[in-house]
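Asks: One structure coming up, written as structure tokens, with questions to follow.
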Amino acid sequence: MLSNLVRKIESILPQEMNIQILSELIKEINLTPDFINRYVQFDPENYKRQLIFSTWSLTVYVISWMPGQESWAHHHGYALDAIKVIRGKMTHWHLKMGTQEEDIPFESFERKRYEGPSEVFTDGDVVLVDRRCGHQVGNLSTDNLVTLHFRFGHPPEDEYWRTTDDTEMFVWNQTEGCFDLIQPEPQRYRSTLA
């Protein structure tokens with residue numbers, strides 16, 4: 001199912017991908033509880049992110065949240081994100097895109113809860129985070145929370161929204177049933193945001 005998602009995403013030009021298309025594509029994804037449970041790992045110190053896979057275009061991971069755990073307010077630059085609640089109650093704060101880069105907080109190690117309005121999402125709900133929009137995620141309930149994350153693109157590497165060009169990618173090897181690392185063709189996967 002995930003390899004089909006990668007094929008569909010990679011058939012779309014990166015500059016044509018938008019949050020609506022990503023939303024439609026991930027609606028088709030229904031991973032089994034047994035599959036997702038392989039990546040669930042709770043840590044009393046902090047929420048735990050477990051990578052399922054990453055290609056040049058898509059990263060998929062599971063985050064396990066114990067009660068009271070939350071991220072800090074941050075953005076993912078020009079990446080598109082979709083978060084599906086697998087089980088539990090996710091509190092989400094959405095920070096709208098501003099007119100200047102400084103309007104969206106850059107991810108840092110300073111943990112501070114955003115003071116704006118929030119929404120609560122439950123099993124099966126999907127939250128979309130568009131390019132240059134900030135957000136914060138937390139588990140304010142008394143039960144554990146598991147979320148599945150789909151990211152198209154890469155998060156910024158610095159406070160100026162920059163991300164380096166991809167120098168490598170993974171492709172699905174149908175025969176071996178795994179991802180193989182290959183060098184991309186020159187100029188084919190050049191950043192559209194330069």
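Every number here is computed from the coordinates shown, using simple stated rules; none is lab data. Just so it is clear, the model here is predicted, and its values are computed rather than measured. Using ideal geometry, Cβ is built from the backbone for each residue, glycine included, and neighbour counts are taken over all protein chains shown.
Asks: Report the Stokes-Einstein translational diffusion coefficient (µm² s⁻¹, integer) for segment 1-44, Rh taken as the Kirkwood radius over Cα pairs, at 4 °C with viscosity 1.567 mPa s.
Replies: Translational diffusion coefficient: 105 µm²/s.
Asks: Same structure again: Report the paramagnetic label zone for residue 1: residues of segment 27-44 whose backbone N is under 14 Å from a point 7 Å from Cα along the Cα-to-Cβ axis.
Replies: So the set is 27-39.
Asks: Still on this structure: Can you work out the FRET efficiency for the pair residue 50 and residue 115, with r the C-beta to C-beta distance and R0 = 30 Å, to the nearest 0.05?
Replies: Taking R0 as 30 Å, the efficiency between residue 50 and residue 115 is 0.50.
Asks: Here's another thing I want to ask about it. Provide, as a two-decimal number, the C-alpha radius of gyration of segment 1-86 over 2.2 N^0.38 Å, N being how many residues it has.
Replies: In units of the 2.2 N^0.38 Å rule of thumb, it is 1.19.
Asks: Considering segment 39-98, what Rg and Dmax in Å follow from its alpha-carbon atoms?
Replies: Computed over the Cα atoms of segment 39-98, radius of gyration and Dmax are 12.8, 35 Å.
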